[in-house]
Amino acid sequence: MRDLIDAVGSIRSGSGSAELIDQVRDLEDLKSAVAALQARLAVAFDVSERRTQAEAGVPAAEQGQGVGAQIALARRESPSRGSRLLGLARALVTEMPHTLAALETGRLNEWRATLLVRETACVSASDRCAVDEELSADTGTFVGAGDRAIVAAARTASYRRDPRSVTDRARHAAGERHVSLRPAPDTMAYLTALLPVAEGVAVYAELARHADSLRSDGDARSRGQVMADALVERTTGTPGGISGVEIQLIMTDRTLFEGDSEPARLAGYGVVPGGWARTLVTPHLSDSRKDFQAWLRRLYTAPGSGELLAVDSRARLFSAGQRRFIEARDHSCRTPYCDAPIRHYDHIVPWRDGGPTSLSNSAGLCEACNHTKELQGWMVRAVPAVRHALEVRTPTGHTYRSTAPPPPGNGVEVGDVSLRRYRRLMRRHIKALRADRLDKLAA
């Protein structure tokens, strides 16, 4: 494998445009072939792990647990993505040989193979094999076809063989409805709602009607801006959309009080510009936020290292303050390559094994990763480092490390002088807020 990687790294660029394009195409074929080989290896690893677990006495219903997580770590992917990749590999190797062959020869890339697997998931194994044979690359189905054409062909072939299963899948899909939030560039976010088509069309049509009505009355905002603003205001019931919800914006005292350019960090999003953060927490910048209240919590960092400091607890469960602290320190799930939201506040050394309920023995994890680390053969330990660090050891003996993200302002020395300045500025700011509140009451 390493020889192959070295060989790819030694390839020289072509001398002309035609040769360069040929190389790009050949490398794309190589990527597809590698994806097919990864699928075969993933299935072989799954079989090997299940055999090992069976020999260890693991019940049949529990065999295979943790396999997807190990594949995810090896591929530098999140655990949920690793499970999907394992499912894709199983389907290709055991039920869709023609699609796997097309992937191996470069006539299909990994994403389009994933689409074929996804669109045939609701039919039986025999019907899936039949669809796979019908849509074989040898028939020319994939020549010049885009994603939508491949999806349409797979759906049509599946429906012809098993219309009832396809119809039931559409009926049960309503149970998968949900709302999700993902970070977007430039302090924006993607708020996505997966809805039944009738409800989705109705919501969009109402927002569009509202936007067209306001714009016809002279509203200067674009149609998309009016629709987005209406969605926020109708959901929160508050102009501007900010209600009484704690958003946990973390910044240095220099950014808050002195106009420093050090970025801040917003829980559930990531790094945001310091100027934008100040604008968010300053109550008197705009009429839409005149009633916005900012509560300040002080977080102290160790001089030089930047590690957050706090006090241990003897309780089994982490206190509310400790949980807030863990969220501020870890930001998202601490499993390597997993950036899912924190759902569990975990003891690195389990409490049942004498692990203390302390911040040094704590880690914020998503639900899936917390269950995975409890499986046989998995081990997690804290590693002495500049900041809070974890080492994850899988049943195969491979190790992966995760370090807590640096807090805002990390690298700037914090000492008594900085702390005194912080307290002085804090008192000054509180006085200004009180004066502003008294002026509003007098008015």
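Looking across the range 367-391, the residues that are in contact (Cβ under 8 Å) with a residue 40 or more places away in the chain and under 18 Å from His331 (Cα atoms) come down to Ala368, Cys369, Val386, Arg387, His388, Leu390. Of the helices (runs of 4 or more DSSP H) entirely within the range 54-105, those holding at least 2 residues that are surrounded by fewer than 21 Cβ atoms within 10 Å (Cβ to Cβ) and among the small types (Gly, Ala, Ser) occupy 79-94. Taken over the range 43-53, the residue count meeting the criterion of being among the hydroxyl-bearing types (Ser, Thr, Tyr) and either touching a Lys or Arg at 6+ places or on another chain (Cβ under 9 Å) or open to solvent by 70 Å² or more (accessible area, probe 1.4 Å) (or both) is 1.
Reported count of residues in the range 126-156, each being out of contact with any Ser or Thr (no Cβ under 8 Å at 6 or more places or on another chain), assigned to a helix (DSSP H, G or I) and of a type in the set (Gly, Ala, Ser), is 4.
Pairs linking a residue in the range 394-405 that is surrounded by fewer than 16 Cβ atoms within 10 Å (Cβ to Cβ) to a residue that is of a type in the set (S, T, N, Q), with Cβ atoms under 7 Å and 6 or more positions apart or on different chains, are Thr396/Gln70.
Name the residues in the range 27-42 that are open to solvent by 40 Å² or more (accessible area, probe 1.4 Å) and either aliphatic (A, V, I, L, M) or under 25 Å from the mean Cα position of the chain (by Cα) (or both), would you? Within the range 27-42, Leu27, Leu30, Lys31, Val34, Leu37, Gln38, Leu41 qualify.
Scanning the range 184-197 for residues that are open to solvent by 70 Å² or more (accessible area, probe 1.4 Å) and at pLDDT below 90, we see that the one that is nearest to Pro263 (Cα to Cα) is Asp186. Among the residues making up the range 330-369, those that are among the hydroxyl-bearing types (Ser, Thr, Tyr) and open to solvent by 70 Å² or more (accessible area, probe 1.4 Å) are Tyr337, Ser360. So which residues in the range 344-365 are touching a strand residue (DSSP E or B) at 6+ places or on another chain (Cβ under 7 Å) and either in a loop (DSSP other than H, G, I, E, B) or without any contact (Cβ under 8 Å) to a residue 12 or more places away in the chain (or both), if there are any at all? Correct list: Ile348, Gly355, Ser358.
Residues of the range 381-391 that are assigned to a strand (DSSP E or B) and open to solvent by less than 30 Å² (accessible area, probe 1.4 Å): Val383, Ala389, Leu390. The sole residue among Ala310, Ala277, Ala302, Ala315 that is at pLDDT below 85 and within 26 Å of the chain's Cα centre (by Cα) is Ala277. Once the range 253-276 is narrowed to residues that are in a loop (DSSP other than H, G, I, E, B) and not acidic (Asp, Glu), the residue that is most open to solvent (accessible area, probe 1.4 Å) is Ser261.
The values are calculated or read from the model by the stated rules, or taken from the named source; none is laboratory data. Small disclaimer: the values here were computed from a predicted structure and weren't measured. Glycine gets a Cβ as well: all are built from the backbone with ideal geometry, and neighbour counts include every protein chain shown. Heavy atoms of the whole protein, side chains included, go into the accessibility calculation; ligands, DNA and RNA do not. Shrake-Rupley method; radii C 1.70, N 1.55, O 1.52, S 1.80 Å.
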